[in-house]
1. From VAL310, VAL325, VAL334, VAL354, which residue is surrounded by fewer than 20 Cβ atoms within 10 Å (Cβ to Cβ) and within 25 Å of ALA168 (Cβ to Cβ)?
2. Return yes or no: is THR241 among the polar types (S, T, N, Q), out of contact with any Phe, Trp or Tyr (no Cβ under 8 Å at 6 or more places or on another chain) and farther than 24 Å from ALA321 by Cβ?
3. If SER24 meets every condition in (1) touching a residue at least 24 places away in the same chain (Cβ under 8 Å); (2) open to solvent by less than 30 Å² (accessible area, probe 1.4 Å); (3) among the small types (Gly, Ala, Ser) apart from one, which number is that one?
4. How many of the residues in segment 341-351 are closer than 19 Å to ARG309 by Cβ, more than 12 Å from the chain's Cα centre (by Cα) and buried (at least 21 other Cβ atoms within 10 Å of the Cβ)?
5. Restricting attention to segment 319-333, does a residue exist that is under 18 Å from the mean Cα position of the chain (by Cα) and not basic (Lys, Arg)?
6. Any idea which residue in segment 181-200 is nearest to VAL364 (Cα to Cα), counting only those that are touching a residue at least 40 places away in the same chain (Cβ under 8 Å) and part of a loop (DSSP other than H, G, I, E, B)?
7. So, in segment 69-97, how many residues would count as being under 25 Å from the mean Cα position of the chain (by Cα) and open to solvent by less than 30 Å² (accessible area, probe 1.4 Å)?
8. Please work out which residue is surrounded by the fewest Cβ atoms within 10 Å (Cβ to Cβ), limiting yourself to segment 193-231 and to residues that are closer than 16 Å to VAL152 by Cα and out of contact with any strand residue (DSSP E or B) (no Cβ under 6 Å at 6 or more places or on another chain).
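The values are calculated or read from the model by the stated rules, or taken from the named source; none is laboratory data. Just so it is clear, the model here is predicted, and its values are computed rather than measured. A quick note on method: Cβ atoms are made from the backbone with ideal geometry, for glycine too, and the neighbour counts reach across all protein chains shown. Heavy atoms of the whole protein, side chains included, go into the accessibility calculation; ligands, DNA and RNA do not. Shrake-Rupley method; radii C 1.70, N 1.55, O 1.52, S 1.80 Å.
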Amino acid sequence: MSRVTSLILAGALALWGFCAPAASVLSKDSAVTDAGEGVVVKLAVSEPVPWRVFTLDGPRRLVVDLKGVDWPDSIAEESARAHDLRLGQAGSGWSRLVLSLDAPLAVDSAEMTTEDGAVLTLMLAPDRGLRATEPRGIRPKARRLAGDPRTVVVLDPGHGGLDPGAEADGLVEAELMLVFAKELAQAFDDTAFRVVLTRDSDVFVPLERRITRARAAGADVFLSLHADALPQGSGHASGATVYTLAEDASDDASRRLAERHDQTDLLLGLDLTGQADDVALVLMSLARHDTAPAANALADALVGSIRERVGRVNTRPRRSAAFSVLKAPDIPSVLIEIGFLSSATDRENLRDPVWRAVMAEAIVEAVGV
């Protein structure tokens, strides 16, 4: 099982529009060396460029992306902890360096200086806090099934089976969210969380039954995962958006989106109007006093973590709507639009397994805040 630990860092926003001829990484001033218990990666570039960096486990690797650069034939490797340096392309104009690590190292600091060209310096230090022993945010219920003390996170890949969800440029929302849900479940490995999926194959699961499955699993938190598409002529949306439950939608777009999410159950003969589990009916009046603040706090943490690590959220990332899948009164629940299939930029990101890994880690971090 792989555990993804990631960090995205970027240069000034003005650099993202950079489209001049390719800069060059200068071999004679670049190197990978040891420093104390860590590793230093120094990359000298002929001029400033956008950049990002993150680490992966399984196997342990450092990944460095530079926008619009040409790599030299080689970069000096003088480290006992890092080896097998590979240089190549990552698509969309990004050039990628991958470095294998012999020890669990995390990015301790990263900085690009821009005097007389540019120098990107990364400091890797021992990652002694990689595995969380107890989540700090969502607390486990007092009663735990089969004596398992771990906090239970239920992941709900939207749509499935007869309901493919949004489709654009060869991408199908139901298939993509199932892939992402499984990757996100792996990102929770070796933490104090136990993950349950409402579906683990391409099958249709009614919205109400998703809540029932979450409750049967003893869910402490419920995350519904989507990547919708706006109809032509209804505007443009991109970036992650996090929803909590509200009877009155925060805007017309949220209202229309909730109607679309619920429409499939109605079309398949399942009328959700006024429906709820028996347990929910009993708990509703009291449980929402606890779950609503927890869901709001989780949604805020998700937006903050995604903005920090992924660097891309919607212009209005926190919204609310009457999603039926969020109506369990006894489980803090949020719906995450990972991106929009109607956005070319989001589609490119959603196709990228590295981008999805960073998004998954951002979600893991937010649940543990």
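1. Numbers: VAL310 fails: surrounded by fewer than 20 Cβ atoms within 10 Å (Cβ to Cβ); VAL325 fails: surrounded by fewer than 20 Cβ atoms within 10 Å (Cβ to Cβ); VAL334 fails: surrounded by fewer than 20 Cβ atoms within 10 Å (Cβ to Cβ).
Exactly one of VAL310, VAL325, VAL334, VAL354 is surrounded by fewer than 20 Cβ atoms within 10 Å (Cβ to Cβ) and within 25 Å of ALA168 (Cβ to Cβ), namely VAL354.
2. When the stated conditions are applied, THR241 does not pass them.
3. (2)
4. 1
5. yes
6. This residue is PHE188.
7. Matching residues across segment 69-97 total 4.
8. At the first step, the residues of segment 193-231 found to be closer than 16 Å to VAL152 by Cα are 193-199, 210-224.
When the remaining residues are screened for being out of contact with any strand residue (DSSP E or B) (no Cβ under 6 Å at 6 or more places or on another chain), the result is 211-213, 215-216.
Working: ILE211: 30, THR212: 17, ARG213: 18, ARG215: 17, ALA216: 12.
It comes out as ALA216.
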